[in-house]
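Reviewing the structure listed below.
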Amino acid sequence: MQTSRAPTSAEKNTPPQKNTETNKVYPINVSADQLISQTKGGQSEYKGNVFLERNKLTIQGQTLKLIHPGDKLQQAIMSGNLAKFKDYLPKKQQWVNGEAKQIIFNQDQDTVTLLDNAFMIMDNGNQIHADKIIIHNKDETFEANGSQQSGRVKMTIQPE
C-alpha cells in the first residue's frame, strides 16, 4: 500500500511536463458567462469572459466557438478585443504567451494560430509581432506572416 506525500519544494518548482503525443487525452474545460447554443451539429458557442483550459494550454477571450462533431473536438475559435493564450513548450522548457484578435486551436494539427494583431513572447524574451502566427506544438516551431499593409514580420531575439 502506497501513502501519499506532499511534493517537495524541488518538485513544486519543476517545470510542468507535457507529452504532445498524449495531449488529446486531457479534457477541455470551458467556463463563460453564458452558453449561447449547443447544437446537434457539433458546435457550441460561449460568450462573456470565456476561459478554455486543456492540460497546460489556456486561452481566454470574449467569445468562443467550439467545433466538436460527434463530441470530438476539432477546433476552438476564441475571439476578443485581444484574446490571450499561454502554453508550455517542454522541449524548449519555456512558457509561451500571446495575444491576438482571434486565436484558433486546431486539435488534429495540434496548432495554435493567432490572427490579426498577433503578438507572441517566450520566457527568454524572444518575441514576434505579425498579422498571423502559427505555433506547431508537436515540434515547437513557429511561422509568421506579415500584414497585407506592411508585409512585415517583426521579431526580437534576445542574446543568450
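The values are calculated or read from the model by the stated rules, or taken from the named source; none is laboratory data. All figures in this text were calculated on a predicted structure; none of them were measured in a lab. Neighbour counts are summed over all protein chains in view; Cβ atoms, including those assigned to glycine, are modelled from backbone coordinates with ideal geometry.
Cβ-Cβ distance below 9 Å, separation of 6 or more or different chains: which pairs start in the range 45-56 with a residue that is within 11 Å of A76 (Cβ to Cβ) and end on one that is assigned to a loop (DSSP other than H, G, I, E, B) and charged (D, E, K, R)?
From the range 45-56, the pairs are Y46/D33; V50/D33.
Okay, residues lined up against (1) more than 14 Å from the chain's Cα centre (by Cα); (2) at pLDDT 95 or above; (3) surrounded by 18 or more Cβ atoms within 10 Å (Cβ to Cβ); (4) under 16 Å from T111 (Cβ atoms):
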| residue | (1), (2), (3), (4) |
| --- | --- |
| P16 | yes, no, no, no |
| Q34 | yes, yes, no, no |
| R54 | no, no, yes, yes |
| I59 | no, yes, yes, yes |
| Q62 | yes, yes, no, no |
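If you scan the range 122-160, which residues turn out to be aliphatic (A, V, I, L, M) and buried (at least 17 other Cβ atoms within 10 Å of the Cβ)?
M122, I128, A130, I133, I134, I135, A144, V153
So in the range 36-52, with the set limited to residues that are modelled with pLDDT of 80 or more and among the β-branched types (V, I, T), which one is surrounded by the most Cβ atoms within 10 Å (Cβ to Cβ)?
Selected residue: V50.
What's the number of the only condition in (1) closer than 18 Å to Y26 by Cβ; (2) of a type in the set (G, A, S); (3) assigned to a loop (DSSP other than H, G, I, E, B) that A76 fails to meet?
Of the numbered conditions (1) closer than 18 Å to Y26 by Cβ; (2) of a type in the set (G, A, S); (3) assigned to a loop (DSSP other than H, G, I, E, B), the odd one out for A76 is (3).
Among strands (runs of 3 or more DSSP E) lying entirely in the range 112-160, which contain 3 or more residues that are under 14 Å from the mean Cα position of the chain (by Cα) and in contact (Cβ under 8 Å) with a residue 24 or more places away in the chain?
Correct list: 127-136.
Answer yes or no: is there a residue in the range 81-102 that is among the polar types (S, T, N, Q) and assigned to a loop (DSSP other than H, G, I, E, B).
Checked the range 81-102: at least one residue is among the polar types (S, T, N, Q) and assigned to a loop (DSSP other than H, G, I, E, B).
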